[in-house]
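Report on the structure given below.
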Amino acid sequence: MSAVVDKAGPMLEALDERLTLANYVKRNLRKVFPDHWTFMLGEVALYSFIILLLSGIYLSLFFKPSMTEVVYNGSYAPLKGLSMSEAYASTLDISFDIRGGLLLRQIHHWAAMLFVASMSIHVMRVFFTGAFRKPREINWSIGVGLLTMGFVEGFAGYSLPDDLLSGTGLRIAEGIMLSVPVVGTYIQFFVFGGEFPGDIFISRLYGVHILLLPGIILLLITAHLMIVWYQKHTQYPGKGRTNDNVVGYPVLPVYAAKAGGFFFVVFGITVLMAGFVTINPIWAYGPYTPDQITAGSQPDWYMGWLEGALRIMPNWETTAWGHTISWNVFIPGGLVMGLVLTAMAIYPMIEAKVTRGYKDQDHDLLDRPRNAPVRTGLGVMSLTFYILLWIGGGNDIIAKFFDLSINQITWTLRFAIFIVPPLAFVATKRACLGLQRKDRDKLLHGRETGTIIRLPDGEFTEVHAPLSEEEKAVILSKTDHIPLEAPAETDANGVALSKRKLKAARRTAHLSRWFYDDNIPKPTPEELAAAEAHILHGYEEGHLVTEHRDSLEPEGGVLHDPNAEPAEPSK
Amino acid sequence: MLLIVLAMLGVVYAAVGQATTADAATDTAATQAQVTAGHKLFQEGCSSCHGLGAQGTQNAPTLIGVGSAAADFQLSTGRMPLAVPGVQAPEKKIQYNDTQIAALAAFVASLSPGPQIPTAKDLDYAGADLALGGQIFRTNCTQCHNFAGAGGALSQGAYAPNLMSASPQEIYEAMLTGPENMPVFSDQTLTPSDKQAVIKFIENIRTEPNPGGWSLGSVGPVSEGLFVWIGGLLALIAAAVWIGAKVR
Ligand code: HEM
């Protein structure tokens, strides 16, 4: 052992003389990471991706990406003797005749579901805490790209085994392609190499699924992580935390040990799920043939909102010059997802535009969601929209389990999709402002202790205690934004602004007011100082009184009447 | 949308199917005594809706020509007599004993020829072709009853029930008579051996061990999605919180 160390020393030294890496490595290993469980959600996504790569490699050893018709002769009796594509037959073989195959298939599929799910809540964390603000806008866009790639990659995987649900999903994808005005049929013919389903699509998709998209995702993840590393992590507000420091633990040993351990936790949970819970029982669905369909045909959850949009869309079509434009497919299938993802990608720019002083500052300290009521409201509004579409995607299952009518659910959702999200926005914004008010009260009047005393004039009041330094720092981290003002018609030199510029600036100012007009400002330093003195005084008094009371009335009542006290201590 | 189309298809099927089953012979096994007893039971329990001559009323369809199979299916699943009018007659506790059911079936069969209760030979599915049954099931039944016979929703609050508790005789009769929204699968559409194959396949779903573990109700990806969020992600978040807390 020591011999190894003896040899290793000079070797490393020799290496360092040539590459001068020591400094670099030392600097990076001492890099500090802030610590919070929500910072580990992105890690879950990373680890699921690693699991996907590993399990995917195993599956690719046995999967045959071919639509050639074969007669199944494997060990699953209910399908014996049927003709089916080689892709489906080989997936059956993986499930029933290859050691560990079914487990690996289920690991792969559960990991795919977790991959997108963990990315989704990671995105939510980033959004609601404002972690996408300067300088992290680029990483936010990369994140939106990753999420999109996750959707597409998952859908591609779901389509590979060529079972009944695969084919049903592809049929819908084909319909969406066809619905694109003017070029739809060309797209469809190009993608499928002829009529649906054709005989080359699975092999095309295979290349996309195991090479192209994983490659792109890997590239994006690498860029994403390098940027995180380089820009340093954001942190939640707290005592001693500012925009200019990072409070946390060095990468070695604490953070690395934690992260390494966490990988195995993620892996373990995925394997447990795969070992005990069925996912995508392709043997029960049967091979795809265009003349079959099953109740409960749904995509994986991350495509559920697209499915929902398609299901609740009214059946609108227009015919012009002998061509039919299928709004009923094109709007929900083509536009909704594109618009939502685009809105997500450009959101940081909108906030940057309407926020005073945005450019002059790095935002390394996270916002508390309540301190950005409009942003938080918009987030909850989008989530509500998404969840309603989700419900639409599962309308038949919901109808079955809750004894409802599909038609009622669909009609309810057609209205709800326009009414409920705005309501969610208003409710959330109000809740945020309410919390801001509570924060302000806390600063001005202290923390409620739950002890009630009765004052000499007979009034009951509660004893308030001063806030801890930590609590104070958290509340005071709030930024009171001042909305942008509409510009004067002439600039400082008396030159008139062009009409267009003026209009644009006014619009921006308007939006800025919409963002920031409603705000409960935090107390000024003077107000705060005065309040603190007052709280301390009240607290000490209340405290003394209660202590005294306790000694007089050992059985202990919450109420106390100072008037009845013959001897009031020193104050 | 799809379901509505399918339901409509079902109605068309049903209309075609009815026409082809009409030539089935009357129940020869039924005695006159049974028919008389059945008539009496019918007048007491059924005529209020189906009419004194079973000719049908505003509230219920005619039973002339539906055959003993329909009567036996409706009575032995507890669907008839209907308690409250609704979207669909639900399965409930069976109201008559076997003799009474046989009598009522004999009475219905005596009205006009119709599909008969399957014989023991019809129901002997031991030698049937399992893979063929699966193929027929996926082509004709899954669109309503789901790939694993777990049932599914149809339009306007109607539903195709879960098939896991239906007896072979009920399955056979359901195919023969096409209750409610279900199309009729006459012997011309599905031969008796096809029907036996279907029964064998359904029985196989019921008894085969699930190789993947817990099936999550066999309703497809919706329950998988719920499970990944409620089970998987929650477990991971709990782990993250735990590890986060552990360091301090
Ligand atoms: C972000 C990455 C990935 C996602 C989201 C993903 C998702 C999926 C899904 C949902 C399936 C269907 C599984 C099933 O049968 O139930 C699948 C199948 C498959 N995947 Fe992936 N996958 C990813 C990466 C990979 C990689 C990197 C490889 C290979 C190196 C791979 C190879 C395969 C193969 C061969 C199949 C077909 C075999 C089968 O379905 O059992 N996947 N994938």
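For the reader, a short list of remarks on this structure follows.
Yes/no matrix, rows are residues, columns are (1) at pLDDT 85 or above; (2) small (Gly, Ala, Ser); (3) on the phi < 0 side of the Ramachandran plot:
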site	(1), (2), (3)
A:239	no, no, yes
A:243	no, no, yes
A:247	no, no, yes
A:257	no, yes, yes
A:267	yes, no, yes
A:281	yes, no, yes
A:293	yes, no, yes
A:304	yes, yes, yes
A:316	yes, no, yes
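- Test for residue A:113: is it hydrophobic (A, V, I, L, M, F, W, C), within 13 Å of the ligand (Cβ to nearest atom), in a helix (DSSP H, G or I) and open to solvent by 10 Å² or more (accessible area, probe 1.4 Å): no
- Residue check for residue A:128: aromatic (Phe, Trp, Tyr) and within 16 Å of the ligand (Cβ to nearest atom): no
- Residue A:247 meets all of the listed conditions (1) in contact with a helix residue (DSSP H, G or I) (Cβ under 8 Å, 6 or more places away or on another chain); (2) open to solvent by 50 Å² or more (accessible area, probe 1.4 Å) but one, namely (1).
One line per residue, one yes/no per condition, for (1) closer than 21 Å to residue A:161 by Cα; (2) open to solvent by 10 Å² or more (accessible area, probe 1.4 Å); (3) of a type in the set (A, V, I, L, M):
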{"residue": "A:257", "(1), (2), (3)": "no, yes, yes"}
{"residue": "A:260", "(1), (2), (3)": "no, yes, no"}
{"residue": "A:279", "(1), (2), (3)": "yes, no, yes"}
{"residue": "A:285", "(1), (2), (3)": "yes, no, no"}
{"residue": "A:294", "(1), (2), (3)": "yes, no, no"}
{"residue": "A:297", "(1), (2), (3)": "yes, yes, no"}
{"residue": "A:301", "(1), (2), (3)": "yes, yes, no"}
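- Residue among A:202, A:176 that alone is crowded, with 20+ Cβ neighbours inside 10 Å, away from the ligand (no atom under 16 Å from the Cβ) and closer than 30 Å to residue B:148 by Cα: A:176
- Selection of segment A:296-323 for residues being facing chain B (nearest Cβ under 8 Å) and either assigned to a loop (DSSP other than H, G, I, E, B) or in contact with a strand residue (DSSP E or B) (Cβ under 9 Å, 6 or more places away or on another chain) (or both) yields A:296, A:297, A:298, A:299, A:300, A:315.
- Failed item, numbered, when residue B:160 is tested on (1) of a type in the set (Gly, Ala, Ser); (2) facing another protein chain (nearest Cβ under 8 Å); (3) touching a residue at least 24 places away in the same chain (Cβ under 8 Å): (3)
Residue-wise test of (1) more than 19 Å from the chain's Cα centre (by Cα); (2) closer than 17 Å to residue A:307 by Cα; (3) open to solvent by less than 50 Å² (accessible area, probe 1.4 Å).
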{"position": "A:373", "(1), (2), (3)": "no, no, yes"}
{"position": "A:377", "(1), (2), (3)": "no, no, yes"}
{"position": "A:384", "(1), (2), (3)": "no, yes, yes"}
{"position": "A:394", "(1), (2), (3)": "yes, yes, yes"}
{"position": "A:398", "(1), (2), (3)": "yes, yes, yes"}
{"position": "A:402", "(1), (2), (3)": "yes, no, no"}
{"position": "A:414", "(1), (2), (3)": "yes, yes, yes"}
{"position": "A:422", "(1), (2), (3)": "yes, no, no"}
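- Members of segment A:85-99 that are within 14 Å of chain B (Cβ to nearest Cβ), within 14 Å of the ligand (Cβ to nearest atom) and either under 25 Å from residue A:266 (Cβ atoms) or out of contact with any Ser or Thr (no Cβ under 7 Å at 6 or more places or on another chain) (or both): A:88, A:89, A:91, A:92, A:93, A:94, A:95, A:98
A quick yes/no check of all residues on (1) hydrophobic (A, V, I, L, M, F, W, C); (2) facing chain B (nearest Cβ under 7 Å); (3) more than 24 Å from residue A:54 (Cα to Cα):
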position: A:258; (1), (2), (3): no, yes, no
position: A:261; (1), (2), (3): no, yes, no
position: A:270; (1), (2), (3): no, no, no
position: A:276; (1), (2), (3): yes, yes, no
position: A:288; (1), (2), (3): no, no, yes
position: A:294; (1), (2), (3): no, yes, yes
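- Residue A:170 falls short on exactly one of the conditions (1) in contact with a Ser or Thr (Cβ under 9 Å, 6 or more places away or on another chain); (2) part of a loop (DSSP other than H, G, I, E, B), and that condition is (2).
- Residue A:118 passes every criterion in (1) within 13 Å of the ligand (Cβ to nearest atom); (2) more than 12 Å from chain B (Cβ to nearest Cβ) apart from (2).
- Meets criteria (within 13 Å of the ligand (Cβ to nearest atom), part of a helix (DSSP H, G or I) and either open to solvent by 20 Å² or more (accessible area, probe 1.4 Å) or charged (D, E, K, R) (or both)) for residue A:274: no
- Residue A:505 being out of contact with any helix residue (DSSP H, G or I) (no Cβ under 7 Å at 6 or more places or on another chain), open to solvent by less than 70 Å² (accessible area, probe 1.4 Å) and at pLDDT 50 or above: yes
- Residues of segment A:49-61 that are near the ligand (Cβ under 8 Å from one of its atoms) and in contact (Cβ under 8 Å) with a residue 12 or more places away in the chain: A:49, A:52, A:53, A:55, A:56, A:59, A:60.
- Meets criteria (within 13 Å of the ligand (Cβ to nearest atom) and touching a Leu at 6+ places or on another chain (Cβ under 6 Å)) for residue A:302: no
- The conditions of being within 15 Å of the ligand (Cβ to nearest atom) and in contact with a Phe, Trp or Tyr (Cβ under 8 Å, 6 or more places away or on another chain) are met by residue A:167.
The values are calculated or read from the model by the stated rules, or taken from the named source; none is laboratory data. Keep in mind that what you see is a predicted model, and the values were worked out from it rather than measured. With ideal geometry, Cβ positions are generated from the backbone for all residues, glycine too; neighbour counts draw on all protein chains shown. Ligands, DNA and RNA are stripped out before the accessible areas are found, and what is left, the full protein with its side chains, is counted by its heavy atoms. Shrake-Rupley method; radii C 1.70, N 1.55, O 1.52, S 1.80 Å.
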